[in-house]
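Report on the structure given below.
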Amino acid sequence: MSITIKEIKESLECCFDEQVSATVRWHETEPTQPGDPADDGLENLPSLALKEHFYNFSLWHVEDDARRRDVDDSMIADCKRRIDRLNQQRNDCIEVIDRCLCAALEPLLPVDAAQRQNTETAGMALDRLSILALKIYHMQEQTGRVDVDAQHLRNCSEKLSILRHQREGLAQALLELISDYAAGGKVPVLYSQFKMYNDPTLNPKLYGKRTG
């Protein structure tokens, strides 16, 4: 049985919900890294999105540690290396998500679809939704603090409202992008980022290239 546009949207909506629920769950209990799905089929899209969200969740908290002033430089260096590794894993996962969605969408595209592309892929949009879920959680934490003044609470409440509105709008925009694909107004693409700084064959500081 072929996949439908409705099923693709429902799978994405499941990803949206899982990002929010996992954020709460992982702050209440020590998170464990999600395993790799069996394949890149649409039925595994929520699992792929959860794995990508885990990398963002981990990055968020390592980034916090990297800005501490009460630790020695060795810990900051360790944070930097962890950030590089997590960021690479996150970007690799975004590309897998895009392959999954492109494979699901390809049979549904009109043969005369316009060769117009979006400024970001669906996987990139899911990544932004993941980060917004984390921002919303942590901004909401700020609105419950008892060690700050009323102005801080008002500022954070206003920011929380804006973040929620932005996430709702981005989620709707992603679903509308799927509709654009189905209607032939745009075509999905795979966007390869080719991160160079982590590759010992491409980063001159790692392969020992000397200049000057």
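The values are calculated or read from the model by the stated rules, or taken from the named source; none is laboratory data. Computed from a predicted structure; not experimentally measured. Cβ: placed from backbone, ideal geometry, glycine included. Neighbour counts: every protein chain shown.
Of the residues Arg69, Arg25, which single one is loosely packed, with under 12 Cβ neighbours inside 10 Å and part of a loop (DSSP other than H, G, I, E, B)?
Criteria check complete, one pass: Arg69.
Condition check ((1) modelled with pLDDT of 90 or more; (2) of a type outside the set (D, E, K, R); (3) more than 16 Å from Lys9 (Cα to Cα)) across all residues:
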position: Val24; (1), (2), (3): yes, yes, yes
position: Glu30; (1), (2), (3): no, no, yes
position: Glu43; (1), (2), (3): yes, no, no
position: Asp64; (1), (2), (3): no, no, yes
position: Arg68; (1), (2), (3): no, no, yes
position: Asp73; (1), (2), (3): no, no, yes
position: Asp112; (1), (2), (3): no, no, yes
position: Lys135; (1), (2), (3): yes, no, yes
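Of the conditions (1) more than 15 Å from the chain's Cα centre (by Cα); (2) surrounded by 13 or more Cβ atoms within 10 Å (Cβ to Cβ); (3) not in a helix (DSSP H, G or I), Val146 clears all except one; give me its number.
(2)
Would you say Gly169 is modelled with pLDDT of 95 or more and within 24 Å of Ser192 (Cβ to Cβ)?
No: the conditions fail for Gly169.
Would you be able to tell me the number of residues in segment 61-94 that are in contact with a helix residue (DSSP H, G or I) (Cβ under 7 Å, 6 or more places away or on another chain) and either touching a residue at least 12 places away in the same chain (Cβ under 8 Å) or at positive phi (or both)?
The number of residues fulfilling the criteria is 14.
Please enumerate the residues belonging to segment 63-96 that are farther than 22 Å from Asp199 by Cα and not acidic (Asp, Glu).
Within segment 63-96, Ala66, Arg67, Arg68, Arg69, Val71, Ser74, Met75 qualify.
Filter segment 1-22 down to residues that are small (Gly, Ala, Ser) and buried (at least 16 other Cβ atoms within 10 Å of the Cβ), then give me how many there are.
Final tally of qualifying residues: 2.
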